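The values are calculated or read from the model by the stated rules, or taken from the named source; none is laboratory data. Quantities reported herein were computed from a predicted structural model and do not represent experimental measurements. Every residue, glycine as well, gets a Cβ built from its backbone with ideal geometry; the counts of neighbours run over all protein chains shown. To get the accessible areas, we keep the full protein, side chains included, count just its heavy atoms, and leave off ligands, DNA and RNA. Shrake-Rupley method; radii C 1.70, N 1.55, O 1.52, S 1.80 Å.
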Amino acid sequence: MQSVPIIAIDGPSGSGKGVITQMLATELGFHILDSGALYRLIGLAARKRGVDFDDETALATLARELDVQFIPTGDQQNPLRILLEGEDVSAEIRTDAAGVDASRVAPLGRVRAAIGELQRSFAVAPGLVADGRDMGTVVFTDAVVKIYLTASAQARAERRYNQLKDKDIGVSLHALFKSIQDRDERDMNREIAPLKPAEDAFVIDSTAMGIDEVFQTVRAIVQKALGEEKE
Ligand code: C5P
């Protein structure tokens, strides 16, 4: 049995992983790893420093030296303030453009390796809910529960649109749909750590489900697994 229980939640963009991760972590009192935020931060740091997105060596160095702080706010809507080199970038990393930049640095093996240890360092007592693309397949293969959350690209684009429309000026549903499809394509077909369900993952398609129904489904799976682990 592993000492710290880890719940891995993977899935494509807009599948609801972020919200489910937060709801679950709040209920269990566990820590959160938002691994997508790390890739978004590397993309943003590269933009700010003018690093070429094709320069894997420079991007890996940037990733290794990432000066980032996650500060809990106690607010459920925006639970973390994220500082990059002391600057609050919490809103900036959530734009669609930042997601696209993240998916451009994410296929690079040396970038992924550079943040491997940082990601694993989040696994501290009493437990961790880890949200990403390769949490169950690569980073936390020993997770006590692995969930793969998905939904149709149309449903995911609509959800993203509703999340972003008040904050991300100029965002359109059509553009988001296209961006989600491109991002799926890049994330699922890359050579290193492609997005796919772990063999032992529970796959949940939330296209026709409300968030509460998804949460109840995930919760039942997690409670059963944590109960069995204690036995
Ligand atoms: O989850 P989020 O939309 O913030 O992730 C942004 C991008 O970061 C993804 O599209 C993916 O390319 C990359 N990512 C990844 N591995 C993770 C988390 C995110 O490759 N574990």
Probe 1.4 Å, protein heavy atoms only - accessible area per residue of the stretch 12-114 in square angstrom: 45 Å²
Entries in 146/178; 167/196; 17/146; 146/196 that, when Cα-Cα distance is taken, lie over 20 Å: 146/178; 167/196
Estimated dipole of the stretch 1-138 in Debye, rounded to 20 [Cβ of Lys and Arg +1, of Asp and Glu -1, Cα centre]: 180 debye
The stretch 169-217: GluC sites (Glu not before Pro) falling in loop per DSSP and having at most 15 other Cβ within 10 Å: 191, 199
Around residue 116: net Lys/Arg minus Asp/Glu count, Cβ-Cβ under 11 Å: +2
Alpha-carbon centroid distance for the pair the stretch 39-66 / the stretch 167-231, whole angstrom: 26 Å
Percent antiparallel among DSSP beta bridges (both partners in the chain, rounded to 5): 30 percent
Volume per residue of the C-alpha convex hull in the chain, rounded to whole Å³: 120 Å³
Theoretical ellipticity at 222 nm over the chain - DSSP helices of four or more residues, -39500 (n - 2.57) apiece, nearest 500: -14000 deg cm²/dmol
Accessible-area composition of the stretch 31-125, carbon plus sulfur, in percent [1.4 Å probe]: 49 percent
